[in-house]
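Data block below; observations after.
Taken together, the values in this text are just the output of simple stated rules run on the coordinates, not laboratory data. Everything numeric here is computed off the predicted structure, so don't read it as measured data. A quick note on method: Cβ atoms are made from the backbone with ideal geometry, for glycine too, and the neighbour counts reach across all protein chains shown.
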Amino acid sequence: MTLGALSSHGFWMNRALPSIAALSEATFPENEIGAPDWKSTQMLDRTVEYLHELPPPQRRLLLLLFLFVEFASIFLVVGFRRFSKLSALRRSAVIRGWRRSTFFPFRVLGDAVKATTTMMYMSHPSVVEHIGEYRVCDWPSDPAKIAVKDDALTKMQETP
Amino acid sequence: MIYGLDDVRQGFDVECDTVVVGSGAGGAVAALNLATAGQRVVVLEAGPRVRYEDMTRNAPLFLARHFWDGGLRLIGGTTQSPSLQARCLGGGTVVNSAIMLKLPRWVREEWQLETGIGLFTGPELEAAYERVFTRCKVSPTPMAVLGRRNLIVRDAIEGKLGIRGGPLPRAVQGCDGCSDCLTGCVGGHKQSVDRSYLPSNEQHGAEIYTCAEVDGVMTSGARAVGVTGHVIDPRGYRKLARFSVRAKTVILSAGTMHTPVILQRSGINPGGAVGATMFCHVGGGMVGIMEEVVDPWVGATQGWGAISKDIKGLKYEGLWASPSVLMVRWGDVGLPFIERLHEVKHATVVALVYRGKVRGTVKAKRNGMPSMRLWIDESNVSPIARGMKAAADALLQVGARYVHTGLPGVVDEMRSEKDTASLLSPRLKAKHLTMTLNHTFGSCRMTTDATGPVDPNGKVRGIEGLYVCDASVFPSPSAVNPQATIMALADITSRRLAELPLLD
C-alpha cells in the first residue's frame, strides 16, 4: 500500500505514516540474503491495521512515538533532518544507538521502536516461512497460515 | 447462560445473590461454589469470549484484541516492563501456560509468620488445591510433548547444574505440544476456567455477562449492595450503555491491577492500604543458539522447570512463545538482525523467575485504568545475575554456540565462561533487567491486622458483603506460578460464604 492510499486515516495517522515507513525500512531493509523486507511484508499497512485494533490510549501512544521519532530527530540526530529524510543505513544506526544508550529514555525509545516493528515483521507469513517455523497441530480457521507437520513430535522422539 | 455483546448492547439491570467481578482463575472458582450452593450468581467479565474462530497465531492482533491495553501494558518505576494481562472470558487462564504449582512449604510458613493467618499452613489450603487440581485435570507435562527445546533446558539445568527438576504440572489434558498457549489453546486441551469451571457455572444457573466493565461498587452505609459499570465494545473500546447489578454479596476477582482500582474509584480504601502495595516476580531470560536444529516451536510452551537449591526463590523453566512476541528485544536491528533469522530454529529459551524484594503501587488513572509502579531493590540483581550466569554456562556446556540475554553492558553473544562473567559486572543494575512482569500480586493484602485491606476471610475491612478473590490478597510473591494458589484461596473464601465444608 502506498502512502497516498493510506491518506484517509486521519490527521495524526497521516503525519505518522512517513515515520512508520522509515522505521520499517531501517529495521527490515531490502537485502540480498533472500529474507523478506519491509515492503514485501507490507509493514506500513499492517502497522496501520494493528494501530486500529488497539485501544485508543495505546493507539495514541504509538502514534506519538512515531511522530516523536520523526520530528525529534531534527534535534536528536546530527544533521538537523527529519527521521524519514535520513538514509536507511543512518536510520538503522540511530535506532541501534538509542537501544545501546546509557540514557534511559533513549533506551526506552529504541526498544519501543524495535519491539513494535519486530512484532509486525515476525508475524508476517513470509517471515514465518523464512525462519522455518511450523506447527504440529492444524488450525484451519486461522487467517495466519503456518505450515503444519503433525508428525514432528513423533519424529523428534525418534531422533536421538 | 453466557451473554455476548449483542445481548447486552443496550445495557442491563439485574439482581442476584452474589455478583462476581472477573471470570478468571479466582472469579470462576468462587462463582461455581456459590452457584452450587443454590445462590443466584452473576459473573461480569470486561472482555469478550474467545471463540475458536477468534484465535489466531498472528500474536500482535490476538494481543490487541484479548489483552488489557492491547497487550502493551507497562509497569513503570525502576524500569518500563511489559505486563501481559488477559481481558477475555476466563481471564489469564485462557492465555497462560496453565502451570499449576502449589505454594512451596517455606512460602506458606513465611506467609503465616508475616500475616498471622494459619490458613496458609493448614490442611484447608491443601484440600482446596486438591479440589482445584481434580477439576482442572492437573498432571505433569508428558515427556512425549516436551519437544527438543524443553529437553535441552532439562539437560542444561539438571544435567549440568545438578538442579533436580521435572515436567511441570499443568492444567492440560492431551496436550499436542503446539507451543501456542499464549494465543489460546486451539485444540481445547488446556483446562482454562472457560472449559473447567464456567460451563458448570452455567449448569448451576449462573449468568455470565461479557463485555461488561465494572466502574465501582455500590454501597449503602457500610454494606456493598452491587456494582455499576458500562458495556464496552471490545473491538472499538466504545462505551455503549450503562449496567447495574444489585447483590447481597460482591466478590471482586478482577486481578491485582483492576481490583484495587475498582475499590479506589468506589471510595473504599481501608487504612489507605488498597493499592499501596504490589509485588511481582522479577527475573530474566536468555536465548541459547544451539549447534543442532531445535525447532523450538515444537513442544509444550513451558514444559520443564526446576527450583534452584542455591538461590532461594529462583525458578528456571523452558519457555517459548510466538517469535513475534519473543523477539521484540532479541538481537540487533537492520541487516544484522535479518542475517540472524536463520538461527531462530536453533534457539532454546531459559526463563528465570525470582521471588525478590520489590515494592509497588497501583493507582486509578483518570480514565479508570490502573497505573502501576514497581521498584526493584538492587539486592535482586546479584541472585538473578548469578542464576543467569549459571544457566548460560550450562547452555554452553550442552552445546550452545552462544547465549544472548539482551542485557545492556553484558557481552551480546556469550561464547565462553569468560563472556558469561560479564553478567556479574557490578555495573549491571536493577534498571537494566529486561523482563515481562506477568505475575503480579498483593495489591489488597490479606492480613490479620489492619495493615492489609482484606481480612483472613477474604472480606474487605469495614464493608459488609464485599470480598476479594484474586492474587491481590497474596501477602507477598508466591515464588511459583500463581494460578493454583489464586484458585485455591478463592475456593476457600467462597466455600466459607456458601457454607460448604473446607475439608472433604
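So if each residue of separation counts as 0.36 nm, and I subtract the Cα-Cα distance between A:Leu89 and A:Ile74, what length gain in nm does that give?
3.7 nm
Can you give the angle from 0 to 90° between the axis of helix B:105-115 and the longest principal axis of chain B, with both taken from C-alpha atoms, to the nearest 10?
Here the helix axis deviates by roughly 50 degrees.
Taking square-rooted eigenvalues a ≥ b ≥ c of the alpha carbon gyration tensor, is segment A:1-93 rounded, prolate or oblate, where a/c under 1.5 means rounded and, failing that, a/b exceeding b/c means prolate?
Oblate shape, in that a/c is at least 1.5 and b/c is the bigger or equal ratio.
Counting helices only, and only those DSSP H runs with n ≥ 4, report the 222 nm mean residue ellipticity of the protein assembly as shown as the sum of -39,500 (n - 2.57) divided by its residues, in deg cm²/dmol to the nearest 500.
Roughly -9500 deg cm²/dmol at 222 nm, from the helical runs in the protein assembly as shown.
Starting from the Cα of A:Lys149, draw a straight line to each of the lysines and keep only those under 20 Å, dropping any in the same chain fewer than 8 residues away.
In chain and number order, the partners are B:Lys345.
Over chain A, what relative contact order in percent results from Cα pairs under 8 Å that are six or more residues apart?
20 percent
Sort out for me the Cα centre separation of segment B:275-321 from segment B:368-402, rounded to whole Å.
10 Å
Taking a ≥ b ≥ c as the square roots of the Cα gyration tensor eigenvalues, with a/c under 1.5 meaning rounded and otherwise prolate when a/b beats b/c, else oblate, which class fits segment A:49-160?
prolate
Which of rounded, prolate, oblate describes chain B, given a ≥ b ≥ c as roots of the alpha-carbon gyration tensor eigenvalues and a/c under 1.5 marking rounded, otherwise prolate only if a/b is larger than b/c?
prolate
How large is the charge dipole for segment B:1-136, taken about the Cα centre, if only the Cβ atoms of Lys, Arg (+1) and Asp, Glu (-1) carry charge, to the nearest 20 debye?
The calculation lands at about 440 debye.
Under 20 Å from a point 7 Å along the Cα-to-Cβ line of B:Glu15: which residues of segment B:211-242 have their amide N that close?
B:217-229
Counting DSSP beta bridges in the protein assembly as shown, what percent are antiparallel, to the nearest 5?
Counting DSSP beta bridges with both partners in the protein assembly as shown, the antiparallel share is about 70 percent.
Specify the angular offset, from 0 to 90 degrees and rounded to the nearest 10, of the alpha carbon long axis of helix A:88-100 from the longest principal axis of the alpha carbons in chain A.
90 degrees
As I understand it, the dipole of chain B uses +1 on the Cβ of Lys and Arg and -1 on the Cβ of Asp and Glu, about the Cα centre. Which of B:Thr448, B:Cys280, B:Ala430 lies farthest toward its positive end?
Final value for the positive-end residue is B:Ala430.
Within 10 Å of each residue's Cβ, count the other Cβ atoms and sort B:Leu63, B:Leu103 from fewest upward.
B:Leu103, B:Leu63
Find the relative contact order for segment B:195-244 and round it to a whole percent, using C-alpha pairs within less than 8 Å whose residues are 6+ positions apart.
Worked out over segment B:195-244, it gives 26 percent.
Over chain B, what is the mean sequence separation of C-alpha contacts under 8 Å (at least six apart), divided by residue count, expressed as relative contact order in percent?
This gives 24 percent for chain B.
With the dipole of the protein assembly as shown worked out from charges on the C-beta (+1 for Lys and Arg, -1 for Asp and Glu) around the Cα centre, which of B:Ala156, B:Cys178, B:Pro199 lies farthest toward the positive end?
Sorting the options by dipole projection puts first B:Ala156.
Pick from A:Ala22, A:Ala144, A:Ala35: which residue has the top mean-square fluctuation in a GNM of chain A where Cα pairs under 10 Å get a spring?
Of A:Ala22, A:Ala144, A:Ala35, the most mobile in the Gaussian network model is A:Ala144.
When the dipole is taken about the Cα centre of chain A, and only Lys, Arg (+1) and Asp, Glu (-1) are charged at their Cβ, what size is it in debye, to the nearest 20?
The dipole magnitude comes to about 1020 debye.
Cross-link candidates for B:Lys312: which lysines have Cα within less than 23 Å, leaving aside residues fewer than 8 places away along the same chain?
B:Lys102, B:Lys160, B:Lys357, B:Lys389, B:Lys429, B:Lys431
Apply 1/(1 + (r/R0)^6) to the Cβ-Cβ distance of B:Asp310 and B:Arg401, taking R0 = 22 Å, and write down the FRET efficiency to the nearest 0.05.
Result of the calculation: an efficiency of 0.25.
Under the 0.36 nm per residue contour assumption, what length would be gained going from the current alpha-carbon distance of B:Arg164 and B:Thr451 to full extension?
Full extension of this stretch gives 99.5 nm more.
Where the only charges are on Cβ atoms (+1 Lys, Arg; -1 Asp, Glu), what is the dipole of the protein assembly as shown about its Cα centre, to the nearest 20 debye?
The dipole magnitude comes to about 1800 debye.
What Kirkwood radius, in Å to one decimal, follows from the Cα pairs of the protein assembly as shown?
Here the Kirkwood hydrodynamic radius works out to 25.4 Å.
Output the 0 to 90 degree angle, nearest 10, between the alpha-carbon long axis of helix B:255-265 and the longest principal axis computed from the alpha carbons of chain B.
So the inclination is approximately 40 degrees.
As a footprinting exposure proxy, order B:Asp393, B:Asp155 by other Cβ within 10 Å, with the fewest listed first.
So the ranking, lowest neighbour count to highest, is B:Asp155, B:Asp393.
Where Rh is the Kirkwood radius over the Cα pairs of segment A:74-130, the temperature 4 °C and the viscosity 1.567 mPa s, what D in µm²/s does Stokes-Einstein return?
Roughly 103 µm²/s, to the nearest whole number.
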